[in-house]
Amino acid sequence: MKYLVMVQGAQADYNAMKGKGSDHSPAWSKQDLQAMFAYMNAINDDLAESGEMVDGQGLVEPAKTRHVSVDKDGRPVITDGPYGETKELLAGYWVLDCESLERVTEIAVRVAQCPVPAGSKDYPVVIRQIDESGGSEL
């Protein structure tokens with residue numbers, strides 16, 4: 001079964017990783033960033049070695065995000081970030097091919113244990129099974 005494993009973040013978290021702390025998120029040091037990247041790279045290496053990794057990417061900060069919708073007349077409405085009304089957005093993801101929900105949950109727990117500076121906001125790791133039925137099970 002394939003699963004999407006997602007981590008969330010806010011613009012304040014991205015700013016903190018650049019050394020600009022706030023009430024929302026303390027400033028990260030170079031060592032904090034190195035520890036986080038080393039930890040995540042080790043997870044990626046383990047998942048690639050086990051054959052469970054399909055894809056995984058970190059995403060750029062919300063300030064570089066674009067929302068696209070349509071108005072009541074069908075005209076495009078395009079809004080560039082940052083979005084003051086949006087507290088959290090997808091910060092990164094993995095597409096994993098795992099034997100079971102229990103196995104992907106083990107991986108999500110490991111992701112959730114990523115080292116962060118004291119006082120950082122705690123975001124849950126979200127697991128969603130990918131519907132590979134093509135809608136035939138609806």
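Residues checked against (1) open to solvent by less than 50 Å² (accessible area, probe 1.4 Å); (2) aromatic (Phe, Trp, Tyr):
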site: Val7; (1), (2): yes, no
site: Ser22; (1), (2): no, no
site: Ser25; (1), (2): yes, no
site: Phe37; (1), (2): no, yes
site: Asn44; (1), (2): yes, no
site: Ser50; (1), (2): no, no
site: Gly56; (1), (2): yes, no
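If only residues of segment 78-136 that are modelled with pLDDT of 90 or more and among the acidic types (Asp, Glu) are counted, the one that is nearest to Gly21 (Cα to Cα) is Glu106. Answer with yes or no whether Val60 is β-branched (Val, Ile, Thr) and over 16 Å from the mean Cα position of the chain (by Cα). Here the answer is no, as Val60 does not meet what is asked.
A residue that is surrounded by 12 or more Cβ atoms within 10 Å (Cβ to Cβ) and touching a His at 6+ places or on another chain (Cβ under 9 Å) occurs somewhere in segment 70-85. The numbered conditions (1) closer than 21 Å to Ala48 by Cβ; (2) in contact with a His (Cβ under 7 Å, 6 or more places away or on another chain) are all true for Arg110 except (2). The residues of segment 20-65 that are farther than 30 Å from Ile130 by Cβ, in a helix (DSSP H, G or I) and among the polar types (S, T, N, Q), listed by number, are Gln31, Gln34.
Annotation note: of Ala91, Ala12, the sole residue that is open to solvent by less than 40 Å² (accessible area, probe 1.4 Å) and part of a strand (DSSP E or B) is Ala91.
The values are calculated or read from the model by the stated rules, or taken from the named source; none is laboratory data. The structure presented is a predicted model; accordingly, all values stated were derived computationally and were not measured. With ideal geometry, Cβ positions are generated from the backbone for all residues, glycine too; neighbour counts draw on all protein chains shown. Heavy atoms of the whole protein, side chains included, go into the accessibility calculation; ligands, DNA and RNA do not. Shrake-Rupley method; radii C 1.70, N 1.55, O 1.52, S 1.80 Å.
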